[in-house]
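The values are calculated or read from the model by the stated rules, or taken from the named source; none is laboratory data. Keep in mind that this is a model prediction, so the values were computed, not measured. Heads up, the Cβs are rebuilt from the backbone with ideal geometry, glycines too, and the neighbour counts pull from every protein chain shown. Surface accessibility is based on the protein's heavy atoms, side chains included, excluding ligands, DNA and RNA. Shrake-Rupley method; radii C 1.70, N 1.55, O 1.52, S 1.80 Å.
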Amino acid sequence: MTLLSLAILIPWAAGIALVAVDGRRPVVGWAAVATLGGTLVALVALGAEVLTHGEVVVTTGGWPRGVGITLRADAAGVLFAVLSVGVLLAATAHLVMGGVRERTFPGIVVLLAAGLTGLFLTGDLFNFYVFFELAMLASYVLATYGGSRRSLGSALVFTLVNLLGTFVFLLSVAGIYHVTGTLDMAAIGARMDAVDPNAGILIAVGFFVAFSVKLGLFPFHFWLPTVYTGARPAVAAILAGGLANVGAYGLLRFGGELLPRELDLAAGALVVIGAASVLYGGVLAISRHNGSEMLAYSAIGQVGYVLVAVGIGGPVGFAAAVMISIVNSLNKVLLFLTTRMRGAIVGWAFLLGALSVAGVPPAVGFVAKMELFRAAADAPALLVLLFLGSAMSLLYAFQIYQYDFWRTERHGPRSHRSQLAVLGIVAAVVLVAGLWPEPLVYLSDAAARAVGGAAVVVGDGTVVSDGLPAVTSAP
Amino acid sequence: MSSIIGVVAPRLLGPALILAAAIIVKGYADVGDGFSAGVIVATALALRYVSLGWELAERSLPVLRRAPQVATAGLLIALATGFAGPLVGDPPFTHYPRAGESVIHIGTLELITAVVFDLGLFLFVTAAFVVLIHHLARLAQGGPR
């Protein structure tokens, strides 16, 4: 309970304090890095508690459950929180080492961490929305940090599109409350069975659109390339590696736990949209000759896999979806951080990231692609798609590697040694997780089970658990 | 407009503060809270900015220059009321005094968690509006930050 409170309190309180002081001073930047580090430690400790003792649930104010707002840490929530805060930590450290130019940057990043941690650790739908908005507000400010007119324009697009997405989300939250009479996620999952299927579908489509906008899935991707290429590399890493996790987590949590019937019904459509995203992102990424543009389109292609995996569903599909989200996030951080650096280490890091995107061992991307192949083993058409997608990612990633590191030398000032160290650490995580994938597989399975990956929809539309041990709740 | 506003604006702050205090106090039995109280005071301050110009408004009331710090303090106060619980071993967002305990009164004002939260919110809303007005006025009239 204390850890759960701490994980939310630390970034929130520190973020508010840091926004008020001048973030261009190095000490403030380092304070932000320390705060993110502290949050990460609290989250890891919380994760250890969740994995050993089961879900941690705190009802605020000591009210009975259903009256007070529920904070809940389960394997999926903690995993995504650790991942996102870790990404924010790496990107912030990288930026602080290079010198912060905007006075509010450290505070805003920490507030973004507060929003993300909160939304991953809440068991209440409206509370999810509040933390979602906090994270989004912080990211709207972050998106303006390019300085140029172009990045301001892209920030405006980002803000408008995402405000629209959040509005659709809020409509669906209201819809859920209308049909089930509760905002507690666990209770919603149980009560959705009795709801009129048409209403259920309408609500599910609203959530799907909201999270797809965040993820930048194919028909909702139009904002993504301008924003990711207009922002500074560290900010792009934060948006692509940290904030985009909200979309993946949302699809899993809302599809798997809250609306399993609707997910089952729409599985085919999800796979088709995911496949379209993979192909569209892949083809456009091949046509780009600039590192960050390639990465932006690659991001659209890679999240397609998440949707395909969610569409396949079941324990294996969900575990694959979790793993792909984690791997995507790591790849994006690694590759976006390399975009404006130079030197041999940067070349090696980029190579590793490229291998990971393409799903080639020893990088961790291979493990994720393996999981996806395992999930899609029954559908030959999907296997062809996965193979084609991987081939395209290999092509576009190495095309950029060739342009940027073989044919010509990158120009610009030498990269700081400390920044290279950050890059090295992220690269090491990608490499070690690829060579020793057991922890990642275990965590993904635990997370998939937590978001209802163990439940299956039987013929008559009711949802049953497949007999996996239920997650116990700590007092 | 200027002659009326010029007379009214400097004299409006006192009544606005009293009205805000009344709204916070009655908020626990009737409509009202820290947010609306903050908006009322911020409106009175905005009128001062309009009639005096930002430089004179801030010279006559130097605390306005400290608005960002006041906003931060307000947010931290509001946040502290939520997370005071875990410090003493209660769940977050616990309401003090707990059910059945006696309430400290200051006149008709009851000193409870919600009031402290609303005071924090009041400070934040007022100061955040002032920051916005300051920046807008500076954009419109020019001058250093």
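To keep it simple, each residue is scored yes or no on (1) surrounded by 15 or more Cβ atoms within 10 Å (Cβ to Cβ); (2) over 20 Å from B:Leu119 (Cβ atoms); (3) modelled with pLDDT under 90.
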site	(1), (2), (3)
B:Pro15	no, no, no
B:Ile18	no, no, no
B:Ala22	no, no, yes
B:Lys26	no, no, yes
B:Asp30	no, no, yes
B:Leu52	yes, yes, yes
B:Glu55	no, yes, yes
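How many residues, within the stretch B:74-117, are open to solvent by less than 40 Å² (accessible area, probe 1.4 Å), within 29 Å of A:Leu3 (Cβ to Cβ) and more than 10 Å from chain A (Cβ to nearest Cβ)?
5
In the stretch B:84-143, what residues are under 26 Å from B:Ala67 (Cβ atoms) and either charged (D, E, K, R) or not in a helix (DSSP H, G or I) (or both)?
Hits for the stretch B:84-143 are B:Leu109, B:Asp118, B:Arg138, B:Gly142, B:Gly143.
Between a residue in the stretch A:318-341 that is crowded, with 24+ Cβ neighbours inside 10 Å and any residue that is of a type in the set (Asp, Glu), which pairs come within a Cβ distance under 6 Å, given they are 6 or more apart or on different chains?
A:Ala319/A:Asp445; A:Ala320/A:Glu371; A:Met323/A:Glu371
I'm trying to understand the selection: among the residues of the stretch A:1-59, which are touching a Lys or Arg at 6+ places or on another chain (Cβ under 8 Å) and either away from chain B (no Cβ under 11 Å) or part of a helix (DSSP H, G or I) (or both)?
A:Gly23, A:Arg24, A:Glu55, A:Val56
Determine, yes or no, whether B:Ala71 is facing chain A (nearest Cβ under 8 Å) and either modelled with pLDDT of 90 or more or within 27 Å of A:Val19 (Cα to Cα) (or both).
Criteria met by B:Ala71.
Read through the list (1) touching a Pro at 6+ places or on another chain (Cβ under 7 Å); (2) surrounded by fewer than 16 Cβ atoms within 10 Å (Cβ to Cβ), then give the number of the only condition that A:Val367 fails.
Here A:Val367 meets the rest and fails (2).
Here is a yes/no grid of residues against (1) free of Cβ contacts under 8 Å to residues at least 40 places away in the same chain; (2) not hydroxyl-bearing (Ser, Thr, Tyr):
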position: B:Ala44; (1), (2): yes, yes
position: B:Ser51; (1), (2): no, no
position: B:Val70; (1), (2): no, yes
position: B:Gly74; (1), (2): no, yes
position: B:Ala84; (1), (2): yes, yes
position: B:Phe93; (1), (2): yes, yes
position: B:Val103; (1), (2): yes, yes
position: B:Leu123; (1), (2): no, yes
position: B:Ala128; (1), (2): no, yes
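If only one of A:Arg253, A:Arg261 is part of a helix (DSSP H, G or I), among the basic types (Lys, Arg) and open to solvent by less than 10 Å² (accessible area, probe 1.4 Å), which one is it?
A:Arg253
State yes or no: is B:Arg48 touching a helix residue (DSSP H, G or I) at 6+ places or on another chain (Cβ under 6 Å), within 14 Å of chain A (Cβ to nearest Cβ) and assigned to a helix (DSSP H, G or I)?
On the way: touching a helix residue (DSSP H, G or I) at 6+ places or on another chain (Cβ under 6 Å): yes; within 14 Å of chain A (Cβ to nearest Cβ): no; assigned to a helix (DSSP H, G or I): yes.
Taking the combined requirement at face value, the residue does not satisfy it.
Return a yes/no flag: does the stretch A:58-69 have any residue that is of a type in the set (Ser, Thr, Tyr) and closer than 28 Å to B:Ala127 by Cβ.
The answer is yes, given that some residue of the stretch A:58-69 is of a type in the set (Ser, Thr, Tyr) and closer than 28 Å to B:Ala127 by Cβ.
Can you report the number of residues in the stretch A:60-86 which are part of a helix (DSSP H, G or I), away from chain B (no Cβ under 14 Å) and at pLDDT below 90?
Just the residues of the stretch A:60-86 that are part of a helix (DSSP H, G or I), to begin with: A:60-62, A:75-86.
Filter once more, so that each one left must be away from chain B (no Cβ under 14 Å): A:75-86.
Next, from what is left, pick out any that are at pLDDT below 90: none.
Summing the residues that are part of a helix (DSSP H, G or I), away from chain B (no Cβ under 14 Å) and at pLDDT below 90 in the stretch A:60-86 gives 0.
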